[in-house]
1. Is it true that some residue in the range 185-208 is among the basic types (Lys, Arg) and out of contact with any helix residue (DSSP H, G or I) (no Cβ under 6 Å at 6 or more places or on another chain)?
2. Looking at the structure I just gave you, is Lys128 farther than 16 Å from Ala163 by Cα, in contact with a strand residue (DSSP E or B) (Cβ under 6 Å, 6 or more places away or on another chain) and surrounded by fewer than 21 Cβ atoms within 10 Å (Cβ to Cβ)?
3. Suppose the filter is within 22 Å of the chain's Cα centre (by Cα) and within 22 Å of Asp30 (Cβ to Cβ); does Ala203 pass it?
4. In the range 233-265, how many residues are in contact (Cβ under 8 Å) with a residue 24 or more places away in the chain, touching a Leu at 6+ places or on another chain (Cβ under 9 Å) and not β-branched (Val, Ile, Thr)?
5. Just to be sure before I move on: is Leu6 touching a Cys at 6+ places or on another chain (Cβ under 6 Å), part of a helix (DSSP H, G or I) and buried (at least 21 other Cβ atoms within 10 Å of the Cβ) in the structure I sent?
6. With on the phi < 0 side of the Ramachandran plot, of a type in the set (Val, Ile, Thr) and without any contact (Cβ under 8 Å) to a residue 40 or more places away in the chain as the only criterion, which of Thr22, Thr54 stands out?
7. Does at least one position in the range 21-41 carry a residue that is modelled with pLDDT of 95 or more, crowded, with 19+ Cβ neighbours inside 10 Å, in a strand (DSSP E or B) and of a type in the set (Asp, Glu)?
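The values are calculated or read from the model by the stated rules, or taken from the named source; none is laboratory data. Bear in mind that the values here come from a model prediction, so they are computed numbers and not experimental data. Every residue, glycine among them, receives a Cβ derived from its backbone with ideal geometry; neighbour counts consider all protein chains shown.
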Amino acid sequence: MIRTVLFVPGDRPERFEKAIATGAGRVVIDLEDAVEPQHKDQARENADRYLAQTRHQNVMVRINSNGDEAYKQDLALCRAHPHLAGVMVPKAESLKQLEEVADTCRKIWPLIETPQGLLTLPESATCKGIERLVFGVLDLAIQLGINAYSPSSHRIFDQVRYALLLHSALNGLEPPVDTVYPVLSDMEGLSAFATASKDLGFAGMLCLHPKQVEQVDSIFIPSAHEQAWAERVLEAAKQHGGAFSFEGRMIDAPVLTSARRMLGK
């Protein structure tokens, strides 16, 4: 279960193991926005060295966008490490672009963060090799002219979330991962944000700082009460065929699917 996805700058290799130690479901070595242009080659070398020395199964790489001079070298890096958990593709805007990344034979996480990426999502989401869809709120807000910190911005971004949920379901993908909560000092706001994401059907969210991981994890993990109910209803389903009533609630196939998903069955 991937509930937290933590970014770590590629030019700060001393932080790689610290990021792993947080217990995040995925750790993303960032070669793109978190790294200054003059440090990108060094960041790639750091990632290459680290991936060659470790066999962690939850490490991903965010490559530079198509058109950046580092793009081809980043693809070669990903191709060279078979145990890499996935490739996050920034500014994902076309099926052709994603198919090129798919040639690395690594799982793909397209990052939808431009108007063009949102417009072409119905086609892009059909690319073989995609595991999950993600979106980047800050880049998208800038391009749309939205104040990402405004309380009313959710009117637009919830439409983006709906698109990710819809095309994930249509293409049989794992549930999408929500965007970052950028106010690092606001843990109460982070909790409210993560709770809303969970209620909307997202599997987890992107994290910018290690201190966010534990808080987000605790929200996306089903509570003991939820897990106990799921166990009881699945047990009761063994005695029934089709829909049935259980503890005052009508139970049918979608409810049972949700219970299995909650328990990882």
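1. No, the range 185-208 contains no residue that is among the basic types (Lys, Arg) and out of contact with any helix residue (DSSP H, G or I) (no Cβ under 6 Å at 6 or more places or on another chain).
2. Working: farther than 16 Å from Ala163 by Cα: yes; in contact with a strand residue (DSSP E or B) (Cβ under 6 Å, 6 or more places away or on another chain): no; surrounded by fewer than 21 Cβ atoms within 10 Å (Cβ to Cβ): yes.
It is false that Lys128 is farther than 16 Å from Ala163 by Cα, in contact with a strand residue (DSSP E or B) (Cβ under 6 Å, 6 or more places away or on another chain) and surrounded by fewer than 21 Cβ atoms within 10 Å (Cβ to Cβ).
3. yes
4. Summing the residues that are in contact (Cβ under 8 Å) with a residue 24 or more places away in the chain, touching a Leu at 6+ places or on another chain (Cβ under 9 Å) and not β-branched (Val, Ile, Thr) in the range 233-265 gives 5.
5. Details: touching a Cys at 6+ places or on another chain (Cβ under 6 Å): yes; part of a helix (DSSP H, G or I): no; buried (at least 21 other Cβ atoms within 10 Å of the Cβ): yes.
Here the answer is no, as Leu6 does not meet what is asked.
6. The unique qualifying residue is Thr54.
7. Looking through the range 21-41, at least one residue is modelled with pLDDT of 95 or more, crowded, with 19+ Cβ neighbours inside 10 Å, in a strand (DSSP E or B) and of a type in the set (Asp, Glu).
Residue by residue, here is whether (1) crowded, with 16+ Cβ neighbours inside 10 Å; (2) closer than 20 Å to Ala19 by Cα holds:
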| position | (1), (2) |
| --- | --- |
| Val183 | no, yes |
| Asp186 | no, no |
| Leu190 | yes, yes |
| Asp217 | yes, yes |
| Phe220 | yes, yes |
